[in-house]
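Heads up, the thing below is written out as structure tokens.
Every read-out reported here was derived from the displayed coordinates using simple, explicitly stated rules and does not represent laboratory data. No experiment lies behind these values; they were computed from the predicted model shown. Don't worry about glycine lacking a Cβ; one is built from the backbone with ideal geometry, like all the others, and counts go over all protein chains shown.
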Amino acid sequence: MEAVATIPPFESFYTEHRDAVFGFLARRLGRTAAEDAFQETFLRALRAYDRLEHGRYLRAWVFTIAARVAIDVHRTQPSDKVSLGPEPVSEDAQPAYLELEHLAEQLPPTERAAVVLRYGYDLPYAEIGAALGSSADAARQAASSGIRRLRGKEGIA
Amino acid sequence: MKVSLELDNRFRDTAAAAGLLDVAYDVVDTPIGKLFVATTERGLCRISYDPDSERVVENLARTRGTRVLRAPRPIDDVRRQLDEYFDQRRQEFELNVDLQLAAEFSRRVLQELARVPYGEVTTYGELARRSERPRAARAVGTVMNRNPIPIVLPCHRVVGSTGSLTGYGGGLERKEALLKLEGAIL
């Protein structure tokens, strides 16, 4: 095995994750809105793909992009079909997910994805588990150990 | 939830049209088998007889950049010209080729190779002479063997000094089929 996971050709990355990403977006946005969001998600991934430094955690990575696209869609086209609940906005009006992504930057990737998806995008653990290719329980554990680590770092009791 | 074929194609077309790909490729059906055909923004960069596309894709990702995607649209022009060639309605390809990764000697030989006309054959030694390296017949053979764009760069038109077909990256039976198609042999 190689020490650093090599980045697969975009074709393999895309075909491996496209169905799961589409399913996730369809649950969040409904099938019709999910089609545009799907395209946007993989275009964003493609734009950033040549800047990736390794090929680990690509599933978590693409789901973070998809979650952000879902929020952007919700913002620009509020419709009856979209059921994201209240928009996650913190008190100083910076969206919670932006703040969290910044805070969580130092976490190991799985914990980072779990924390951001749970507390930034308000996703249920079952969906986070699906996004990370594990279970709801594993997602809950990753999120809570990520939060513990953040609290330790920030010196919050 | 499965992505529909339509949505899948829409993404592939958009990605290519947005100029976000290092390499676009598709598989083209021909009378001598399936061909793997790949293009960059500069032009056609690879035709392969290898039935294992995954291996060719990985190789392209290593040498050209990781943004390699199957996208039929950018291949349409090559596909059409190949169809016409195999239908005997076309004798010359009008395509840009991307030989950026070829070493200087290889590029010169491949450029000379591109001038060998339809329906004719030449020899390794003659091609070496035209490339201004008259004693490099063997090296020319190696360049032919590694030709990144067979058919369009017609290495099938290069034979041994005795007229024997010698070798071909896609197998001798394909070389023979191409020369028969062109009427170079009976």
Cleavage-rule hits (chymotrypsin sites (Phe, Trp or Tyr not before Pro)) in the range B:69-172: DSSP loop, at most 13 neighbouring Cβ within 10 angstrom: none
Could you rank the peptides B:67-79, A:137-149 by their average count of other C-beta atoms within 10 Å per residue, with the highest value first? B:67-79, A:137-149
Rg and Dmax of chain B over Cα atoms: what are they, in angstrom? 17.3, 61
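Can you quote the Å³ per residue value for the convex hull of the Cα atoms in the range B:1-110, rounded to an integer? The partial results should precede the final answer.
Values: hull volume 14.6 nm³, N = 110.
That works out to 132 Å³ per residue.
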Hey, what do the phi angles of the range A:144-149 turn into as Karplus ³J(HN,Hα) couplings, whole Hz, using 6.51/-1.76/1.60 and θ = phi - 60°, x for Gly and Pro? 6, 6, x, 5, 4, 4
Based on C-alpha coordinates, I'd like the Rg and Dmax of the protein assembly as shown, in Å. 26.2, 87
Shielding of A:48-57 by other chains, given as the mean Cβ count within 10 Å, works out to 1
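Shielding of B:117-126 by partners, i.e. mean partner chain Cβ atoms within 10 Å per residue? List each step's numbers first, then the result.
Details: counts 0, 0, 0, 0, 0, 0, 0, 0, 0, 0.
Taking all residues of B:117-126 together, the mean is 0.
Please give the length that would be gained between B:GLU176 and B:ARG107 if that part of the chain were fully extended, namely 0.36 nm times their separation in residues minus their C-alpha to C-alpha distance (nm, one decimal). Can you show the working numbers first?
Values: separation 69, 0.36 × 69 = 24.84 nm, distance 2.50 nm.
Going from the current span to full extension adds 22.3 nm.
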Between Rg and the Kirkwood Rh of the range B:58-157, both from Cα atoms, what is the Rg to Rh ratio? 1.00
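Suppose R0 equals 51 Å. What FRET efficiency, 1/(1 + (r/R0)^6) with r the Cβ-Cβ distance, do A:ALA48 and B:ARG135 give to the nearest 0.05?
On the way: r = 50 Å, r/R0 = 0.99.
FRET efficiency, A:ALA48 to B:ARG135: 0.50.
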Would you grab the residues whose amide H sits under 5 Å from the one on B:CYS45? Only those 5+ places off in sequence or on another chain, please, with H modelled 1.01 Å from N. B:ALA38, B:THR39, B:THR40, B:ASP98
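By how many nm would the segment from B:GLN100 to B:VAL27 grow when fully extended, if each residue of separation counts as 0.36 nm and the alpha-carbon distance is taken off? Intermediate values should be presented prior to the final figure.
Values: separation 73, 0.36 × 73 = 26.28 nm, distance 2.24 nm.
Extra length from B:GLN100 to B:VAL27 when fully extended: 24.0 nm.
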Kyte-Doolittle cut-off 0.0, length cut-off 24 Å along the helix's own axis using Cα: show which whole DSSP H helices in chain B pass. none
Normalised alpha carbon radius of gyration of the range B:112-153 [divisor 2.2 N^0.38 Å]: 1.09
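Per-residue counts of other Cβ atoms within 10 Å, averaged by peptide: what ranking do you get for B:24-30, A:38-44, highest first?
On the way: B:24-30: 18.7, A:38-44: 21.4.
Sorting B:24-30, A:38-44 by mean packing, highest first, produces A:38-44, B:24-30.
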Taking amide H positions as placed 1.01 Å from N in the peptide plane, with prolines and chain starts having none, which residues 5 or more places from B:VAL159, or on another chain, fall under 5 Å of its amide H? B:THR122, B:THR123, B:TYR124
Phi to ³J(HN,Hα) by Karplus 6.51 cos²θ - 1.76 cosθ + 1.60 over the range B:162-167, Hz, x for Gly, Pro: 8, x, 6, 6, 6, x
Quick check: residue separation of A:ASP36 and A:ALA138 times 0.36 nm, minus the Cα distance between them. What number comes out in nm? 33.7 nm
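By counting other Cβ atoms within 10 Å of each Cβ, how are B:VAL159, B:VAL121 ranked from fewest to most? Intermediate values should be presented prior to the final figure.
Values: B:VAL159 21, B:VAL121 18.
Ascending Cβ contact count within 10 Å gives the list B:VAL121, B:VAL159.
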Select from the range B:93-186 those GluC sites (Glu not before Pro) which occupy a DSSP coil region and have at most 13 other Cβ atoms within 10 Å, ordered by residue number. B:GLU94, B:GLU120, B:GLU132
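Could you tally the net charge around B:ALA137, taking each other residue with its Cβ under 12 Å from the Cβ of B:ALA137, Lys/Arg +1 and Asp/Glu -1? Write down the numbers at each step before the final one.
Working: positive: B:ARG129, B:ARG130, B:ARG133, B:ARG135, B:ARG138; negative: B:GLU126.
Counting the neighbours of B:ALA137, the net charge comes to +4.
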Local charge sum around B:ARG80 (other residues, Cβ-Cβ under 11 Å, Lys/Arg +1, Asp/Glu -1)? -3
